[in-house]
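Remarks on the structure that follows.
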Amino acid sequence: MPKMLKKALENILTIDEIKQLYGSFDIVGDIAVIKIPDALLDKKFIIAKAMIDNMKSIKTVLRQATPVSGDYRTRELEHVLGEDKTITLYKEHGCVFKVDLAKVYFSPRLSTERIRVARKVERGEVILNMFSGIGSFSIVIAKHQLESMTYSIDINPDAYDIMLENIRLNKVSNKVIPLLGDARFVIEGSLRGKADRVLMPLPEKAIDYIDVAIKALKPRGIIHYYTHTHASKGEDPIEKAKKELEKKLDVPYTILESRTVREVGPRWHQLVLDLLVSQC
Ligand SMILES: C[S@@+](CC[C@H](N)C(=O)[O-])C[C@H]1O[C@@H](n2cnc3c(N)ncnc32)[C@H](O)[C@@H]1O
């Protein structure tokens, strides 16, 4: 939490109330999205006012009213203060993304992961992004590896429409091919054996789609496999995720890299395993 904001909150909340507040919040463009514990809901306006007064770039404060859920991975948002809107422009890595926070999934917290993957892409690669949302991974890749081609699939029609706009905004229409539908059917229908690299940024379901990710690969292709793993005290989440995946995969593969992308809850970790699949 920025120092200025912390100081401002110290003037309006008790020490106990500040302790109850979540330590961080998302800023997407000029919109801040905050979670407020039930006990502090009656303070939401003064908290939002402190944010708008102390962080000049914030024009709107929304409260996350439900967790992310459903196939589209969206959440309910309540307008608290400032301009009543859910659409904004967000910039990262030389790209600009239109985002409608009410209709699509988007997380600025994946920014480091997007550029990590983009930097691995080699000249001439064909990439398949199975769960692309508004096209953020696909567009960062297209901007950083000019000689690449990315098939970019999403099942949410709103995410697909916004992806079309983002492809135009970032002038990558010759490098990103947007596709609307269920990744399983799209791949089985027309993308078998086409990709050098497959991205699976849907940690909740990637394990159920790993078979079709393999079908999409060329020989010696790479999969960026995302998962959420719970690890008890003393357990290594990465080793646990590797074991779970091993049970599911019946092709030879090597793990090139594994890392924690971010923490998503107490003892819950979002991880990525980069797999080199030697035979498909
Ligand atoms: C966690 S979001 C990731 C979005 C994007 N990669 C990002 O980082 O901004 C997962 C996306 O997968 C999409 N999705 C869910 N099930 C799908 C499926 N079976 N086929 C294609 N897309 C799917 C959702 O609509 C959502 O946009």
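Derivation of every value follows stated rules applied to the coordinates shown; laboratory data play no part. Since this is a predicted model, take the numbers as computed values, not measurements. Don't worry about glycine lacking a Cβ; one is built from the backbone with ideal geometry, like all the others, and counts go over all protein chains shown.
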Helix 157-169: inclination vs the chain longest Cα principal axis, degrees, rounded to 10, gives 90 degrees
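Hey, got a sec? Which trypsin sites (Lys or Arg not before Pro) in region 206-280 land in a DSSP loop and have at most 11 other Cβ atoms within 10 Å? Spell out each step's value before the answer.
On the way: sites: LYS215, ARG220, LYS233, LYS240, LYS242, LYS243, LYS247, LYS248, ARG259, ARG262, ARG267; in loops: LYS233, ARG267.
Answer by residue number: LYS233.
How high is the relative contact order of region 3-85, in percent, counting Cα pairs under 8 Å that sit 6 or more residues apart?
Working: 110 pairs, mean separation 21.3, N = 83.
26 percent.
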With the 8 Å Cα cutoff and a minimum separation of six or more residues, the chain has a relative contact order in percent of 11 percent
Among PRO37, LEU5, HIS79, the residue whose Cα sits farthest towards the positive end of the charge dipole of region 3-85 (+1 at Cβ of Lys and Arg, -1 at Cβ of Asp and Glu, taken about the Cα centre) is LEU5
Rounded to the nearest 0.05, FRET efficiency between GLU244 and THR14 (Cβ-Cβ, R0 30 Å) equals 0.10
Here the residues of region 100-117 lying in the modelled label zone of LEU256, meaning backbone nitrogen under 17 Å from a point 7 Å along Cα-to-Cβ, are 113-117
Rounded to the nearest 10, the angle in degrees between the Cα long axis of helix 3-12 and the longest principal axis of the Cα atoms of the chain comes to 40 degrees
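Helix-derived [θ] at 222 nm for the chain: sum -39500 (n - 2.57) over DSSP H runs of at least 4, divide by residue count, nearest 500? All intermediate terms of the calculation are to be shown ahead of the outcome.
Numbers: 9 runs with 86 residues, N = 280.
After summing the helix terms and dividing by the residues of the chain, the value is -9000 deg cm²/dmol.
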Distance in nm between LEU89 and ASP158 label points, each 7 Å along Cα→Cβ, equals 2.1 nm
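Can you give the extra length, in nm with one decimal, that the chain gains between THR112 and ASP53 once fully stretched, where that is 0.36 nm per residue apart less the Cα-Cα distance? If you can, show how the numbers build up before the last one.
Working: separation 59, 0.36 × 59 = 21.24 nm, distance 2.86 nm.
Taking 0.36 nm per residue and subtracting the Cα distance, the gain is 18.4 nm.
How large is the dipole of region 67-153 about the Cα centre if only Lys and Arg carry +1 and Asp and Glu carry -1, each at its Cβ, rounded to the nearest 20 debye? Write out the running numbers ahead of the final one.
Working: 13 positive and 11 negative charges, 62 e Å.
Using Cβ point charges on Lys, Arg, Asp and Glu, region 67-153 gives about 300 debye.
Looking at the square roots a ≥ b ≥ c of the eigenvalues of the Cα gyration tensor of region 109-230, which shape do they give, rounded for a/c under 1.5, prolate if a/b is larger than b/c, or oblate?
Details: a/c = 1.24, a/b = 1.17, b/c = 1.06.
Here region 109-230 falls in the rounded category.
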With +1 at each Lys and Arg Cβ and -1 at each Asp and Glu Cβ, the charge dipole magnitude of the chain around its Cα centre, to the nearest 20 debye, comes out at 700 debye
Honestly the chain on the Cα gyration tensor test (a ≥ b ≥ c root eigenvalues; a/c under 1.5 rounded, otherwise a/b vs b/c for prolate or oblate) is just prolate
Stretched fully, the stretch from GLU147 through HIS230 gains (0.36 nm per residue minus C-alpha distance, one decimal, in nm) 26.1 nm
When the chain is treated as a Gaussian network with springs between alpha carbons less than 10 Å apart, the largest mean-square fluctuation among VAL198, VAL176, VAL251 is found at VAL251
Expressed in nanometres to one decimal, the distance between label points 7 Å along Cα→Cβ at GLU78 and LYS44 is 0.3 nm
Computed over region 3-85, the distribution of all Cα-Cα distances in 5 Å bins, rounded to whole %, is 3, 15, 26, 27, 17, 9, 3, 1, 0
Neighbours of ALA48 by Cβ distance under 11 Å: Lys/Arg at +1, Asp/Glu at -1, summed charge +2
At the level of C-alpha centres, the distance separating region 202-274 and region 23-72, in angstrom, is 31 Å
Surrounding charge for LYS218, neighbours by C-beta under 12 angstrom, Lys/Arg +1, Asp/Glu -1, total +3
Of all DSSP beta bridges having both residues in region 105-277, the percent classed as antiparallel (nearest 5) is 55 percent
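Which percent, to the nearest 5, of DSSP beta bridges fully inside region 1-152 are antiparallel?
Values: 15 of 23 bridges.
In region 1-152, DSSP labels about 65 percent of beta bridges as antiparallel.
Quick check: net charge around VAL251, other residues with Cβ under 14 Å of its Cβ, Lys/Arg +1 and Asp/Glu -1?
Values: positive: LYS215, LYS218, ARG220, LYS247, LYS248; negative: ASP211, GLU246, ASP250.
That sum, taken over residues with Cβ under 14 Å, equals +2.
Dipole size in debye (nearest 20) for region 1-145 around its Cα centre, Lys and Arg Cβ +1, Asp and Glu Cβ -1? Intermediate values should be presented prior to the final figure.
On the way: 24 positive and 18 negative charges, 107 e Å.
Approximately 520 debye in magnitude.
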